[in-house]
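K.L.:
Would you mind keeping the following structure in view while I ask a few things?
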Amino acid sequence: MSAKRAFLLEIVPYLQASTASTYFISGIPGSGNTDLLKYVRDHISKEIRQTAVLGVYKPTLSDLGQFLSEVGQDLMNAGFLTDHLDSEDLEEDLSSFWQWVREHHCFPRNQSLVIFIDLNHVGSLANASDIGQFFSSLRALAASHKMGSSGFQLHHVVTGFWQHVELDRYYRDDTSISFPYTIGVNYCHWKGLGIEEITQLLPDQPYRSLRGQLLHELTDGYAAAIPEILANLPQKQASMRNVMTTAKQIASHGESSKLLVEFWKQLPPQLFHRIKLLLQYQRLPYNKHHYDWEMLNEAGIVNFSGHSPARIVEIRSWFVELVLRLQWSSLTEISALETKIDHMIPQLQTFNSAAYEMIYEMETAARNVIALMLNQVEGRLSLEGKVIKRNQRGDNEDLECRALAAKDNAENSTHEAIAHPLTAYTQLRDLGDLYIELGKQSRNEKLKAVGATVTELSTVRNQVMHNQIVGDETLSVLERLRTDLFQQMAALAYS
């Protein structure tokens, strides 16, 4: 299910539960919150019976006259009014306007009216008092509409960007009015596209689903960046190499990164001290400077993980980190970090996790098969005298000694009281050598073939285990190795 569809289904019960309500959607520039608003407008009448939609409107907060005139005209054009609203009858406040509508409407029985409002044009960081006064008017309108015998349901869905923490401070310090929304009930901080929407933008090619997950992880769904990255891929191929290279280029001088930079320039200067510290140490506790962290979260710079008191703050995505590091001098006069972006390992797990799953499957099978073979041939699991190599002291050492030493180290450093067989402590390259050695001793080419495959697997395994970013080429190699390994093991079984 797409993120937009999921959101639509989430707000429908809220709107259905009341005769009047307002739902608030905040999203940073480029998050796609305007597209979300249009999607809800275009689909909500299919979810709520007898629903009429009006808008999207873009009112001027300091002068609502034009906005109310447009709403009145649309109501008249839809046949919902018994009388024309003249300019002399129009009072420029929501309450008076809707009182006039209640007195002159001809809505069908059980009619629902949903009005869509987009405030993105008022400025990314509009004055909290301007936003607050408008939101309070919407809240008061909902309350008065519920109490009157209006004959129709009235709902508003509003989007734009506002700092929730600043709005909270305005209501707490400057007014005695109740806050207009409740997080988790009628407020959403919209982040962008979901994995399904991103995947649908990709051509039909191998690993399409993984590529969609990768782009979502890379950008955390930031809607402005994803189409721009895809449009600039070499040969339109979304390989890992192309995606990473293009993302860096877009973060450096793309339109989506310019959008973020111009937006972030408006943040309070002291917040960049927090950002610099986070760029240096990658993870910081939420409980220190939590007010600043909340502002940075709403600005699309950080995410939170974990739960109190161990809540952690981290940079929202690798794309955001690229923009911050590559355009730092455009954002703040605070000195930049010495670390170059090319010295960083991206926090991207999509392809590496898929690779590890295949490695785990093959490696576990290889360890189990050799253990069963040794038990069957020798009556016990013994690695004595096998795969002898010189250690750092220059002494000969067999696989049993190396495995026992690894087992001792593991048992001394782990909290898990789980018994593992000795083969679990052998290095994968040693395991490949063991298959080859046994194959030579028994003149069994099939064992030697398994050993060669396991040895090749160990090279890819080291790459993944050391957090080197892998892509579709590595996954293709692993799929070939998996096919080879299990065919070779099947050949052993039937030999």
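K.L.:
Show me the helices (runs of 4 or more DSSP H) entirely contained within region 1-88 in which 2 or more residues are under 30 Å from SER317 (Cβ atoms) and at pLDDT 90 or above.
P.N.:
In region 1-88, the matching helices (runs of 4 or more DSSP H) lie at 3-16, 33-47.
K.L.:
Which is over 20 Å from LEU374 (Cα atoms), outside the structural domain of GLN205 (by TED's automatic domain parsing) and of a type outside the set (Val, Ile, Thr), of GLN441, GLN463, GLN427, GLN488?
P.N.:
On the way: GLN441 fails: over 20 Å from LEU374 (Cα atoms); GLN427 fails: over 20 Å from LEU374 (Cα atoms); GLN488 fails: over 20 Å from LEU374 (Cα atoms).
That would be GLN463, the only listed residue that is over 20 Å from LEU374 (Cα atoms), outside the structural domain of GLN205 (by TED's automatic domain parsing) and of a type outside the set (Val, Ile, Thr).
K.L.:
The conditions are (1) within 18 Å of ALA225 (Cβ to Cβ); (2) among the acidic types (Asp, Glu); (3) over 22 Å from the mean Cα position of the chain (by Cα), and GLU333 fails exactly one of them. Which is it?
P.N.:
GLU333 satisfies all of (1) within 18 Å of ALA225 (Cβ to Cβ); (2) among the acidic types (Asp, Glu); (3) over 22 Å from the mean Cα position of the chain (by Cα) except (1).
K.L.:
Ok, one more. Pairs only if they're at least six apart or on different chains, beta carbon under 6 angstrom, first in region 111-123 and buried (at least 22 other Cβ atoms within 10 Å of the Cβ), second at pLDDT 95 or above and part of a loop (DSSP other than H, G, I, E, B); list them, first residue then second.
P.N.:
none
K.L.:
Any residue at all in region 474-485 that's within 27 Å of the chain's Cα centre (by Cα), among the small types (Gly, Ala, Ser) and not in a helix (DSSP H, G or I)?
P.N.:
The answer is no; no qualifying residue exists.
K.L.:
In region 204-238, which residues are without any contact (Cβ under 8 Å) to a residue 60 or more places away in the chain and among the β-branched types (Val, Ile, Thr)?
P.N.:
Those that are without any contact (Cβ under 8 Å) to a residue 60 or more places away in the chain and among the β-branched types (Val, Ile, Thr): ILE226, ILE229.
K.L.:
Assuming ALA238 fulfils every condition listed in (1) under 30 Å from ILE115 (Cβ atoms); (2) within 21 Å of the chain's Cα centre (by Cα); (3) part of a loop (DSSP other than H, G, I, E, B) apart from one, which condition is it?
P.N.:
(1)
K.L.:
Then there's this: Within region 422-433, is there a residue that is over 24 Å from ASP484 (Cα atoms) and exposed (fewer than 12 other Cβ atoms within 10 Å of the Cβ)?
P.N.:
For region 422-433, residues over 24 Å from ASP484 (Cα atoms) and exposed (fewer than 12 other Cβ atoms within 10 Å of the Cβ): absent.
K.L.:
Report, ordered by the first and then the second residue, all pairs with beta carbons closer than 6 Å, sequence separation of six or more or different chains, a first member in region 425-449 that is assigned to a loop (DSSP other than H, G, I, E, B), and a second member that is among the aliphatic types (A, V, I, L, M).
P.N.:
THR426/ALA403
Rundown of residues vs (1) in contact with a strand residue (DSSP E or B) (Cβ under 8 Å, 6 or more places away or on another chain); (2) under 25 Å from PRO206 (Cβ atoms); (3) among the charged types (D, E, K, R), yes/no style:
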| residue | (1), (2), (3) |
| --- | --- |
| LEU438 | no, no, no |
| ARG443 | no, no, yes |
| THR474 | no, yes, no |
| ALA493 | no, no, no |
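K.L.:
Another question, if that's okay. I'd like the full set of residues that are closer than 24 Å to SER330 by Cα and either in contact with a Pro (Cβ under 9 Å, 6 or more places away or on another chain) or surrounded by fewer than 17 Cβ atoms within 10 Å (Cβ to Cβ) (or both), limited to region 208-226.
P.N.:
Those that are closer than 24 Å to SER330 by Cα and either in contact with a Pro (Cβ under 9 Å, 6 or more places away or on another chain) or surrounded by fewer than 17 Cβ atoms within 10 Å (Cβ to Cβ) (or both): LEU218, ALA224.
K.L.:
Then there is this: If a residue has to be in contact with a helix residue (DSSP H, G or I) (Cβ under 6 Å, 6 or more places away or on another chain), more than 22 Å from ASN33 (Cα to Cα) and surrounded by fewer than 20 Cβ atoms within 10 Å (Cβ to Cβ) to count, how many in region 180-207 make the cut?
P.N.:
0
The values are calculated or read from the model by the stated rules, or taken from the named source; none is laboratory data. Because the structure is predicted, anything quoted here is derived from the model rather than measured. Every residue, glycine as well, gets a Cβ built from its backbone with ideal geometry; the counts of neighbours run over all protein chains shown.
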